[in-house]
There are 2 protein chains.
Amino acid sequence: MGTLSDQNAGTRRTTLSRDRVLRAAIAYADANGIESLSMRSLANELDVVPMALYKHVANKEDLLDGMVEIVVGEIDQAAATGEWKHDVRLRILAARAALLGHSWSRPVLESRGAMTPAMLSYLDALTGLFLAGGLSVDLTHQMMHALGNRMWGFSQELFAATPPKDAETLKAQKAALPAHYPNLAEIAKAAMHSDPASRRAPGCDDQAEFEFALDLLLDGVGRLQAHR
Amino acid sequence: MGTLSDQNAGTRRTTLSRDRVLRAAIAYADANGIESLSMRSLANELDVVPMALYKHVANKEDLLDGMVEIVVGEIDQAAATGEWKHDVRLRILAARAALLGHSWSRPVLESRGAMTPAMLSYLDALTGLFLAGGLSVDLTHQMMHALGNRMWGFSQELFAATPPKDAETLKAQKAALPAHYPNLAEIAKAAMHSDPASRRAPGCDDQAEFEFALDLLLDGVGRLQAHR
DNA sequence: TGCCTAGGTGTACGGCGTACACCCCTTCTT
DNA sequence: AAGAAGGGGTGTACGCCGTACACCTAGGCA
């Protein structure tokens, strides 16, 4: 009567899994704020000892990566109508909606290298919408950077970060990129050609891209003013 | 011969001060990365015991606030020429340059409420340039939000955060705002009138502002494409 | 039957921010 | 000149964090 003891609170807990851990972490962060999410508090939530989590996530960084990966994966991918401006608008507003549902997710996402599969997939889809709409590769490239920049002068968007990490794996995944993310691959290739030797990501001129976006905004508002 | 012992490394250290602490912290973060800046490492750098720092900064948050405050204060305030687009452009590129000099500063700044005097002063000056250029108060308001938003759909810019904190002090500083930051006060007042009951900062519709900026960018790039 | 291994446990370490009680040296008062 | 006051550096200690490492244990497979 006592040996299979702990049926303590009625619900017998299913065994842990990476997915269960990540979703519990998301729920906990939603409810209690990201700053009070620790390996210990999360373990406690799952009625488990802290070290048990490490059988499912490599470390806390990996936990956070997994959390944003799920949130980004939940972005609604509406079907394209063919009007690129409308489609892009919808996709971006869907992303916004998904992230607003978890208030911790934006800072966490931004604090990280963030180039996870879900993220790349989102960016690739967006890029594809521009290209399908007839924008040139260059213009699409600029636009993607414009969308990622914050324009106070507080720049450096979501790319960059985490430089090589491991020359082997980097080269391998770069080779695999076109297959999974054809649109990203296309603008990457074009950028590489136009400016072979450059500082950060191949062929990207941060300063020029920042100024492009800034001018787009300034010209846009100038035009609005001119039209009264 | 021994009692006034420690003239240890030649340079007798001057006494600490808030400014010396903050500048040492900036130098340390520049050299070693923000993630290895701790109260202990900083104290060690200053040949002092960790708790000594607390006589000059309230806590680590305050230390970080002070650091960005100095960096933001170093933004070059070029004289206005009267051509608002040019002036705004210059001011923003100056901000970018100032922040790029300290790679840790952008994430730190964004992680914080950030509404320090130097920050408000920068924003007020920028706002003033738009207003002086003849833009309407409403358009200026929208533009300021557009500049603060990041357009992946990963929104919520630099405003918001830290809601009341202390109803007393809040009301006091709101009353003092027009004197120090007249331009900010003007758009705040206008926003308040147009939409008396609203969720976050008085009279600001996040969603609408986000969409305004997004459309500005999309229309701008659409126009570029049309001109080949 | 007995081994292998995936997954949960327990203990422990070093680092963090910081509360609190000191003490000493300077400066100001009378 | 004496003594009070207090600003600023010190020492100790607490509770939290992430996580390394050794261990145990239950189920599946040979």
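The values are calculated or read from the model by the stated rules, or taken from the named source; none is laboratory data. What you are looking at is a predicted structure, and each value in this text was computed from that prediction instead of being measured. Ideal geometry is used to build each Cβ from the backbone, glycine not excepted, and the neighbour counts take in all protein chains shown. Remember, those area values only see protein heavy atoms, side chains included, never the ligands or the DNA or RNA. Shrake-Rupley method; radii C 1.70, N 1.55, O 1.52, S 1.80 Å.
Numerical summary
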{"read-out": "Pseudo-label separations to other copies for A:R223 - Cα-to-Cβ vector, 7 Å, nm", "value": "0.3"}
{"read-out": "The range A:87-128 - Kirkwood radius from inverse mean 1/r over Cα pairs (Å)", "value": "11.0 Å"}
{"read-out": "Gain on full stretching of the segment that runs from A:A190 to A:D19 - 0.36 nm per residue minus C-alpha separation", "value": "57.8 nm"}
{"read-out": "Label distances, nm, A:G113 versus same residue in remaining copies, Cβ-directed 7 Å point", "value": "3.5"}
{"read-out": "Spin-label model distance (nm) - B:Q77 vs A:S111, 7 Å beyond Cα toward Cβ", "value": "3.3 nm"}
{"read-out": "Those aspartates and glutamates that a straight Cα-Cα span of less than 19 Å connects to A:K85, excepting residues fewer than 8 apart in one chain", "value": "A:D76, A:D124, A:D138, A:D219, B:E209, B:E211, B:D215, B:D219"}
{"read-out": "Inter-copy separations for B:A31, label at 7 Å along Cα-Cβ, nm, ascending", "value": "4.7"}
{"read-out": "Accessible-area order (highest first, 1.4 angstrom probe) of the listed residues B:R18, A:R40, A:R89, A:R96", "value": "A:R40, B:R18, A:R89, A:R96"}
{"read-out": "Hull shadow area, averaged, the range A:58-122 [alpha-carbon convex hull, nm²]", "value": "4.5 nm²"}
